[in-house]
Each structure stands twice: as structure tokens, then as C-alpha cells.
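Down below is the structure, laid out as C-alpha cells.
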Amino acid sequence: MKVLVVGGGSGGHVTPVVAVVRELLEKNPRTRVEFWTDRKYYKNVVKITTEIGLRWGSRTRKGNQRTPYIRVRRIWAGKFHRYAGWGWKDWFENWRIVLKDLVLGNLVGFVGFIGGIWQSFWRMLLPGKKPDVIFLKGGFVGLPVGLVARLLRVPYVVHESDVVPGLANRLLMKHAAVVATGMGDLGGVKRVVQVGTPVAAEFKVVSETNQKNLKKAFGFDSKKPLVIITGGSQGSLNMNEATRKILPEMLKFTSVGLVAGRKWYEEMTDLKKYEEWNKAKLQSNFRLWEFNSAMHELMGAADVVVSRAGATTIAELAALKKAVVLVPFERLPGGHQVKNAEMLKEIGAAAVVTDEDMQRNPELLLEEVRHLVRAPKARRELAEKLHAQAKLDAVERLTEVITEVGEGKRK
């Protein structure tokens, strides 16, 4: 069976795909898999797939055994910038963003979108290259591939992690063989199967002993509580700035690790003054990272995690059984992060401080963190309720769906 998987644009559209690919090849090493991603994430995908033991490039033989492999390829893609919740005042105050993103950015996005359609056509039309099934994780990278798949009558599976689907998925869902969901039933959409959001096998509950060992491995005092703050692989400027303002107070009652993100790390290096070392041993209770490839270990070491409210991150934290303070960003199209966070807050599975409230008053974030650090019972209750939302078999279930569609068992 030939399977094409497509994901990119953000880490939340890459890591679930890698988890599914690994499961596909473990179940059937003879499966031929290609992974198409955007130029920005190409090197990351190659690195991740290599680290988990997948060969990429060309198939090799060992006796009568064929070594599983995955071919990673770049695909043109175009992101169309939109900003939700802006009033007339925002458009004037942010005219540079309007010019850069909404005018120039969308022009470049349109060119990338047309390029993605052209590439998808020619790649799938080559002899022997037409896949049996396509798995689209969602986002702008998959849109041109999905449109071409429909024209060439190649069945595809779409996965939507959020409570509210994004624009690309809304367009792709209409003609998908199956729409797999992570957090909702998407009322009115046909051929829906709720499977959960796939996460890597490394995201699992950490015992108290292992948590202490992880704290030590990262240089922290194993007896002190640890708060990890992350805005994702690219980072969040607003979360970073709020952390800068409340960090001195936080360090009075907890250790803190900040993942500033690749995009904003350089602007946060002044916080290195809080990170004191002596002969390769951390002397303070603070560390700053650009990004950490072992996020399952870093978040596993934490007592409290402060994070954006993307569906993949939520699924990873649910699998880890962590107490979480979610900081949803309201101005994303569709407000999906806000709706993800609100759903969890309503059932008592997460504490929530919106991005706008945090910017207006960072003390609100400080108080939520302080409360959870000092209230172990409340922390456990949040963690248990979030863990109850985890679909620990999501990878297996989604892999089964993709396989059934590829083999013609689902029509």
C-alpha cells in the first residue's frame, strides 16, 4: 500500500503525523510512505523521523526483510493571513502588520498555493506514484494536495484536532473519505469518526520517582515544584513578556523553565541573568531554552505547565496527566484556541487565562500558577480530569482508518 501523509506549517501539524507514520510502518513494514511538508519544517521532519529510527531516502534490504522507510519531500504551500476580532482601531495601529502579512504575505501565499497544486499534480501523475490513500493533518500545507486528490480521485482522510475546524479543513472535509476528529463531533459533517488527537508514544504518565529524576536531569532541585512555560516551537512573544514581568515573584516559590521559542529567543536572552551555573551545575532555579526536542521529558518533569491551547499540545499534556494553565490566543481565525480552552475549563480540566487578560494584567497568570503550586489537591484534580480526556489509542485508531481507506474497505 502506498500512503502519502501531509503536515506542516506548525509543530501541531507535524508531530501527530510522525506518530501515525511510525504506527503504520510498525504494523506493516512493507507500506510505502511519503511525507510532504513545507520548506520551513522539512529539516525538522527529517530530524524527527531519523531520531525515531525511520530510514528515509531509499528502501534497503536485510536478507528477506525490507527495512521500513519514509521519504520526506518538500511541497510548495501558501498561508493566507487573517486576523480575527480586529476593530477599526486595530487596523490603523497595526498598519505594518497589515502591509506585511495581509497584503504582501497573502500575495506570496497565493503563489505558494498555486505552486503546491502544480507540484501535487505532477508528482501523483507520475507512473507508479499515485498513492492509495492520503492522510491530511490539516492546515494550509494540505489544502492544495487535497484539492488535487479530489480531481485525481485519490481517497483522503482529514484529521481535525480542534473543537472548531480551520479554513483549510472546512474546505477539505466536504469530499474526504473519512473526517477523523480529536475533540468534537463537528455536527453536520458527514463521515465523521472521533479518534482523538495522536501523540507520540513518549508522552505518557510519569511516576513520582521518574519526575524527580527528570528534574535533576534538567538541573533543577528535585524537591522543589517546577513550572514549565511554553508557547510552542516558535514561541509566544506575549507569554514571554508576561513571564519576564512576573518571573522574580515566581522564583520565590517555584523553579521555572521557559521555552522562549525559535522566533523570540534572542529577545529573551536578558533572562539568562537568572540562570546561574557553576562548573556545569545549575545554581539557580531558572532555565531558558530556545526549544527543547525532548518536550515529553521537560513537561514530564513539571508540576504545572503553562501553555497555549492548541489541540496537539493539549493532547500531549492530557497523556502526561499534567495540571495546566492554558493561555489561548483570541485572534486566531475561528477562535479555536479559546473554544478548546473553554471546553476544558467548563469540565474542570484546566485553568485558563486569556492572552488579552494576561497582557493587561500578568498578575492574573502569576496568581493561577501560585495557586496550583501551593495546592497539590487542586493540581491533582485538574490533572486527573484532563487525563480523562486523553484518547490514548488515538494513533492506533487513526492508523486503522487510514489503512481501511487505502485498502478500499471504507467508501
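The values are calculated or read from the model by the stated rules, or taken from the named source; none is laboratory data. The structure displayed is predicted, hence computed values, not measured ones. A quick note on method: Cβ atoms are made from the backbone with ideal geometry, for glycine too, and the neighbour counts reach across all protein chains shown. We work out accessible area using only protein heavy atoms, side chains counted, and drop any ligands, DNA or RNA first. Shrake-Rupley method; radii C 1.70, N 1.55, O 1.52, S 1.80 Å.
Structural remarks
- Note on segment 181-232: residues that are assigned to a loop (DSSP other than H, G, I, E, B), among the β-branched types (Val, Ile, Thr) and more than 25 Å from Leu288 (Cβ to Cβ) amount to 5.
- Screening Lys345 with (1) open to solvent by 40 Å² or more (accessible area, probe 1.4 Å); (2) out of contact with any Leu (no Cβ under 9 Å at 6 or more places or on another chain); (3) assigned to a helix (DSSP H, G or I); (4) of a type outside the set (A, V, I, L, M, F, W, C) gives one miss only, at (2).
- Scope segment 260-314; condition among the hydroxyl-bearing types (Ser, Thr, Tyr), over 15 Å from the mean Cα position of the chain (by Cα) and open to solvent by 50 Å² or more (accessible area, probe 1.4 Å); matching residues: Thr269, Tyr274
- Residue pairs meeting the criteria (Cβ under 7 Å; at least 6 apart or on separate chains; first under 24 Å from Leu126 (Cβ atoms) and open to solvent by less than 10 Å² (accessible area, probe 1.4 Å), in segment 151-163; second among the basic types (Lys, Arg) and in a loop (DSSP other than H, G, I, E, B)): Val154/Lys130
- Annotation: of all residues in segment 373-409 being assigned to a loop (DSSP other than H, G, I, E, B) and within 18 Å of Val193 (Cβ to Cβ), the one that is most open to solvent (accessible area, probe 1.4 Å) is Lys409.
- Tabulated pairs, segment 267-292, first under 28 Å from Ser10 (Cβ atoms) and without any contact (Cβ under 8 Å) to a residue 60 or more places away in the chain, second among the basic types (Lys, Arg) and not in a strand (DSSP E or B), C-beta under 7 angstrom, 6+ apart or interchain: Leu271/Arg244; Leu288/Lys272; Glu290/Arg262; Phe291/Arg262
- Pairs, first over 24 Å from Pro144 (Cα atoms) and touching a residue at least 40 places away in the same chain (Cβ under 8 Å) in segment 5-31, second open to solvent by 10 Å² or more (accessible area, probe 1.4 Å) and not in a loop (DSSP other than H, G, I, E, B), C-beta under 6 Å, six or more apart: Glu23/Val395
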